[in-house]
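Inspection log for the structure reproduced underneath, given as structure tokens.
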Amino acid sequence: MKTKTFTKTKLATSLSLVLGFGSMMPAHAAEEGDENIEVIQVTGIRGSLIKSMDVKRSSNGVVDSISAEDIGKFPDTNLAESLQRISGVSIDRVNGEGSKITVRGFGPDFNLVTLNGRQMPVTTGSRSFDFANVAAESITGVEVHKTSKASNPTGGIGSTVDVFTHRPFSSPGLKATVGVKAMDDQSTRTGGVTPELSGLYSNTFADDKFGISISASYQERESGNSQAQVGTGWRSFPGTVDNDWGAGTAEWGGVPQENQVNRPGEGDIYSVPQTTVYRFEEQQRKRTNGQLVLQYSPVDSVTATLDYTYMRNDIDTQFNDISAWYTFAPSENVWTDGPISSPLIYSENYATPQDLSMAAGDYGVRNESGSLGFNLEWQATDSLTLAFDAHSSTAENKPNSIYGSSNTLSTAGYVRTSAATDFSGDLPILAVGGGNAIQPSDMVVTGSVFGNSRNKSEIEQYQFDGEYVFDEAGSIDFGLALTNVNNHSQSVNVQRNDWGGVGSPGDFEDSWFPAQEIHDKFKASGGDFSAAEGKNFDILNKMFFWDFASVRDYAAANYSSSVMGDCGNGFCPSTDYAADVDRFTEEESKAAYIQYNYDGEIGDMLYDFHIGLRYEQTDVTSTSAVAGYNGANWIADTEIALVDSGERVFETQTGEYDYFLPNINFNIEVAEDVKLRAAYSETIGRPDYTSIQGGTTLATLANRSGGGGSAGNPSLLPLESQNYDLSAEWYYAPSSYASVGYFYKDTKNFISNAVVETTNGIANPADGEKYRAAVAAVGADAAAVRQWIFDNYPNDPFVDVANQIISGDPATDNQMIFDINTPSNSDRSSVIDGWEFAVQHFFGETGFGVIANYTIVNSDDTYDNFLLEDQPALIGLSDTANAVLVYENYGFQARVAYNWRDEFLNSRGQGTGPNPQYTEAYSQIDLSVSYDIAAVEGLTISLEGINITEEYTRVHGRDEHQVLNLVETGARYSLGARYTF
């Protein structure tokens, strides 16, 4: 460690704050008579933690941060995985890697992420920033602002997260680093070790008047996962609902009263699964990042910065799956006790063999973004500082494969005489009568979907900021901002609805259909049908990992199709985006703010006080074009396909809102190294971009009970929150502190989905004279009903016996009912409050340290699993905890981190309607070890391990037995070397 002294100003601006981030902060001149204090500068883990602690201590609100351990070295290679170490922050993972953050119970859409103070475009339809797209090597620090100040852009109710990149003037002189890593991801079954390269060069010239910084990184990752799913979700009913259509107590999916063990009844609700799926996925990712920064300071009072940031993430995905689709034939089930009942065993038997479906996919996407920014800072006088910042940024998600941005090609063998699923364990166990005897010669091609979608977001943002410092009466911050966000989303599907199959069994080469055992690919313990004593179920353990390209090529050459992609048949995607969904949304926001800052003393206690007001005015315009439909064909037992009219439906909608948003922050040092804080603010969280898109889209496949669809609402208002914060912080040693904080948020205008029933002039072939006559003759079994109609109406113009299609007859059939999910603001308010506890402690000069935090979050508006309608409950609300043990001495650096997140609601809907989804409690252990090679100054070798205990994630519905998705990934390890000079 090195020590030196520096002159402390009344604002207690610390040297480590300036060195840590090099952010755009005006320097305050030293004053005569100020006391000299000792500042400790350390690198490595302890240095990073000291800088982060100093940011927390010196801030004018509740702020947590993470600092780089050295130039080009962030604590984790993934920013989200670093952020989860902060109290109140939890993350969502995609394929085992940190992607998005939740802060204080508010999900990714309600946490604004900026890059060097700038709002970045996203292409997911949400407002959440995907940290998986950003390499950490050029990041110098991240600040998480949990309380508001007037200069902060709006959108972050949970927090505003500012990510800082390297600037040459923040670290004058020559600085350079180069790194290489080899990654071994244990989750992949087909890939091997992949490389990662990174480098950063920074230098200043001409007496530090000119500076340049160049950084770049490239990473390949091969990963995979195993999933067990209940594909489109669970259907929920009151206990009185059954399948007796004659008695008027039936709904599609209802179970009979007979042949049930412990059947739910009046006063209960129960749920049934739509399908059971095993899916096995491989993914290849190539991530490229780069940044160029030029800085020029012709005189000491002026600094100009020009920077360009580039990010690209190419993701290719292949999958194989096997599934059994329940037709809701009469079932025999074993139930849990009510009032929320779930099947421990759900089973169906079939009079005629049903399909055992095996699908595959092969597709790719590219996420690409670029940001050009310019910043000018001018110390106009000793009292006045002015800054102007502008950037133009784009982000685009687009197809990156000849097979499109998503696809599914399905095959099936019609061998399934029965199906049952055991839901008594974590992993659902599927049994299929005849499933293990299936042969390649049984397989035929069924339906397919080849989709192309592209989303482009553009942001132009201009910000003007100023600070005027009075001699004795504090200072004023002021500014203006104009932000224009354009989002353009397009998608087109080439969907073949031949789910009944085309061709003949035995058309394919056996070599295309290699068989493998299923349950060897899952680590999770599962059920064993122990709840069904005496039953003889054939547990499915065989599937074909068939070759996508070979089957697709054969099908394209031999089977005709009524839909066409660019290749001239139905087995490829289309780039005619204008033929389907085309939406453009513009959001223009104007803002102005002013904030007064004052420092003073009460006795011997130093305090600072900040009061501000921000005004925001926003206009939204959304223009859409969506596909129109004029008919419906009943093509399979449970599937009704809409008939495209070939016409487009155009619509333009608008919305607007404006807010005055006050904030107050008060901080006082009541004793040496003990600081108390109090804050009040009003903030807004804007609706996600998908919700404010115009246009109504209908799902192209419906069922006998009707269809579905979705519509946006550009008139949505933001979520509003009144925020109160209290905290106490004790900095009892140079690198140690303890803190406790309480937060209270009174929110309103929650967005929930309202299901609106509507008709679209489309006749429903499963709701008319022919259908009712068939039900009266043979009962409600779909296969029997269809066959009866074919037998008794062979000459009806709406009955196509040869192709097994029954079309809707406008003269005799009722119009199909569509449940349209439309977002709307709820008039209910909700209070979210909680506690944050944090401690950081180093044990003298031993080199050992510990970091621990725990966050408790509560809400008075939780999801009631017993209610069958949508509810405005907060998504992402959960308690979190972190514990990190660190060691740093004699050239060694080591860190073991434990992260835990309690169960939380992740969605209020499933594919079947307003049914909840809960992500179960999850914990993970990560480690990193590095060693400085004494013989080669500047050379460090490292080993990192992520999820070393190979935990899996699990999502369930109203009850823990209602599994929706269990995902197993695996550990990943990186061995690397880094050289700094």
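Values in this text are rule-based calculations from the coordinates and carry no lab data. It should be emphasised that the depicted structure is a prediction, and the values quoted were computed from it without experimental measurement. Virtual Cβ from ideal backbone geometry, glycine too; neighbours counted across all protein chains shown.
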Discussion item. Net charge within 14 Å of D242 by Cβ-Cβ distance, Lys/Arg positive one each and Asp/Glu negative one each, not counting D242 itself?
Written reply: -4
Worksheet entry | Helix-only mean residue ellipticity at 222 nm for the chain, each DSSP H run of n ≥ 4 adding -39500 (n - 2.57), per residue, nearest 500 | -2000 deg cm²/dmol
Discussion item. Given points 7 Å out from each Cα along the Cα-Cβ axis, report the F374 to A182 separation in nanometres with one decimal.
Written reply: 4.8
Worksheet entry | Burial order of peptide ranges 392-399, 445-452, 750-757 (average beta-carbon count within 10 Å, highest first) | 445-452, 392-399, 750-757
Worksheet item: What's the FRET efficiency of Q787 with K523 using the Cβ-Cβ distance as r and R₀ = 51 Å, to the nearest 0.05?
Response: 0.70
Discussion item. For semi-axes √(5λ) of the Cα gyration tensor in Å, pick the label among (1) 84, 32, 22; (2) 55, 30, 28; (3) 60, 42, 23 that corresponds to the value derived from the coordinates.
Written reply: (2)
Fill in: DSSP beta bridge pairing in the chain, given as percent antiparallel to the nearest 5
95
Worksheet item: So between E937 and L292, what do we pick up on full extension, going 0.36 nm a residue minus the alpha carbon distance?
Response: 229.5 nm
Worksheet entry | Local net charge near N367, Cβ-Cβ under 12 Å (Lys/Arg +1, Asp/Glu -1) | +4
Practice prompt. Using the charge dipole of the chain (Lys, Arg: +1 at Cβ; Asp, Glu: -1 at Cβ; taken about the Cα centre), state which of N333, T190, T114 has its Cα farthest towards the positive end.
Written response: T190
Worksheet item: What is the antiparallel percent of DSSP beta bridges lying wholly in the range 192-255, to the nearest 5?
Response: 90
Worksheet item: What residues have an amide H closer than 5 Å to that of G141, excluding those fewer than 5 places away on the same chain, when H is modeled at 1.01 Å from N in the peptide plane?
Response: A68, F164
Discussion item. If neighbour count is taken as other Cβ atoms inside 10 Å, put L83, L480 in order from fewest to most.
Written reply: L480, L83
Item to complete: Determine, for each peptide in 596-602, 833-839, 621-627, the mean count of other beta carbons within 10 angstrom over its residues, then list the peptides with the highest first.
Response: 621-627, 833-839, 596-602
Worksheet item: For S441 and Q257, what is the calculated FRET efficiency with R₀ set at 30 Å and r taken between the beta-carbons, to the nearest 0.05?
Response: 0.15
Worksheet item: So how much slack lies between I817 and S392, counting 0.36 nm per residue of separation and subtracting their Cα-Cα distance, in nm?
Response: 148.5 nm
Practice prompt. At 7 Å along the Cα-to-beta-carbon direction for both E509 and K590, put a label point, then send me their distance in nm to one decimal.
Written response: 6.7
Fill in: At R0 = 51 Å, FRET efficiency that the Cβ-Cβ distance of I602 and V94 yields, to 0.05
0.55
Discussion item. Which residues does the label zone of T652 cover in the range 584-600, counting backbone N under 20 Å from a point 7 Å along Cα→Cβ?
Written reply: 584-589
Worksheet item: Separation of the range 566-607 and the range 461-480 by C-alpha centroid, Å?
Response: 25
Discussion item. Multiplying the sequence separation of D864 and W835 by 0.36 nm and subtracting their Cα-Cα distance, what value in nm do you get?
Written reply: 8.0 nm
Fill in: Summed residue charge, Cβ within 9 Å of A387's Cβ, Lys/Arg positive, Asp/Glu negative
-4
Response to the item:
Flagged as over-length at 31 Å C-alpha distance, from K51/K100; K286/K590; K51/K748; K73/K521; K100/K398, the pairs are K286/K590; K51/K748; K73/K521
